[in-house]
Amino acid sequence: MSERYEETSKAETREPEQEMRRLTRRGLIWAGISVLGGGAALEYLNRAPEQNGLGWPFRRALRVNEGVWGGLFRNTSHAPTFDPSQRTPARVNGHYGLGAGFDPAKWTLRVENVRGSTSPIVLTLIDIKALPRREFTAQFCCIEGWNYVVTWAGASFRDFAAKYMPPARPGKSQSPDLDDLSSLARYVYMETPDRGYYVGLDMQSALHPQTLLCYEMNGEPLALEHGAPLRLAIPVKYGVKNLKRIGLIRYMDEPPADYWAERGYDWFAGL
């Protein structure tokens, strides 16, 4: 009786051990297949043809992301603002487009494709300062992960666009107002005077109430290293979109070039 019990007990013990080994072998096989499949997928992604400095599957994923955030974006959604007493030390970062030999006294702003004008309009800082002055304190957020709180002052881009109107889209009403985004040119392109740095904005972001053509920072005129005499301040975007030293503004109906988007980053770059 004892021998039979021992034999039965051993058989019962062997069965789960055998099942465990079988499951372990199956798991190892599937794990190997997964690793090989993952490696093949990674190799495919790494070898995928590039679009604007990024493999096309990743670029397509970014465009899906841009579509989602662009669809959710609203002019009524503002970046948080702060009391000026909460300002933190500003950081100088990025020298693209700020080449040596620049003379602020000779600076002008060229504006292209203004509604009703057959040629570019050339403005000075006096023209920008003739627009209503706006000021707010907000957080400047770098895509690298750091930030600081800064007070910007200048002309609202919406006020600028109300005076120097963007054109209508082809086939739309030729006199849309700024609230009729479906009839306006879709984009705004900006670049530095030396053409070394450039950004593209969707029109809705450009017309956001917190988008400034900024000529003062923390109560003082802009310093050269921060983009004097005129820069873009747009706290609903990462710092890569906050172009220093604007030399050209162009209204466009096709997606414009963007310096960092051509180097693998997100074109929309919204917070």
Residue pairs qualifying under the 7 Å Cβ cut-off, at least six apart or on distinct chains, with the first in region 116-141 being without any contact (Cβ under 8 Å) to a residue 40 or more places away in the chain and assigned by TED's automatic domain parsing to the domain that holds Gly154 and the second being outside any helix (DSSP H, G or I) and among the basic types (Lys, Arg), are Pro120/Arg110; Val122/Arg110
Subset of region 76-134, residues farther than 30 Å from Ser173 by Cα, β-branched (Val, Ile, Thr) and outside any loop (DSSP other than H, G, I, E, B), comes to Thr81, Ile126
Picked from region 135-146 (must be at pLDDT 95 or above and surrounded by fewer than 15 Cβ atoms within 10 Å (Cβ to Cβ)), the residue farthest from the chain's Cα centre (by Cα) is Glu135
Okay, strands (runs of 3 or more DSSP E) sitting entirely in region 181-271 with 1 or more residues that are hydroxyl-bearing (Ser, Thr, Tyr), I get 187-191, 198-202, 212-217, 248-252
Of those in region 249-271 that are surrounded by fewer than 18 Cβ atoms within 10 Å (Cβ to Cβ) and aliphatic (A, V, I, L, M), the residue modelled with the highest pLDDT is Ala257
Only one of Arg87, Arg158 is within 18 Å of Val199 (Cβ to Cβ), modelled with pLDDT of 95 or more and either in contact with a helix residue (DSSP H, G or I) (Cβ under 6 Å, 6 or more places away or on another chain) or charged (D, E, K, R) (or both), namely Arg158
Note on Ser205: of the conditions (1) surrounded by fewer than 16 Cβ atoms within 10 Å (Cβ to Cβ); (2) of a type outside the set (A, V, I, L, M, F, W, C); (3) in contact with a Lys or Arg (Cβ under 9 Å, 6 or more places away or on another chain), unmet is (1)
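The values are calculated or read from the model by the stated rules, or taken from the named source; none is laboratory data. What you see is a predicted model; the values in this text were computed from it and never measured. Counting neighbours? That spans all protein chains shown, and the Cβs are built from the backbone with ideal geometry, glycine included.
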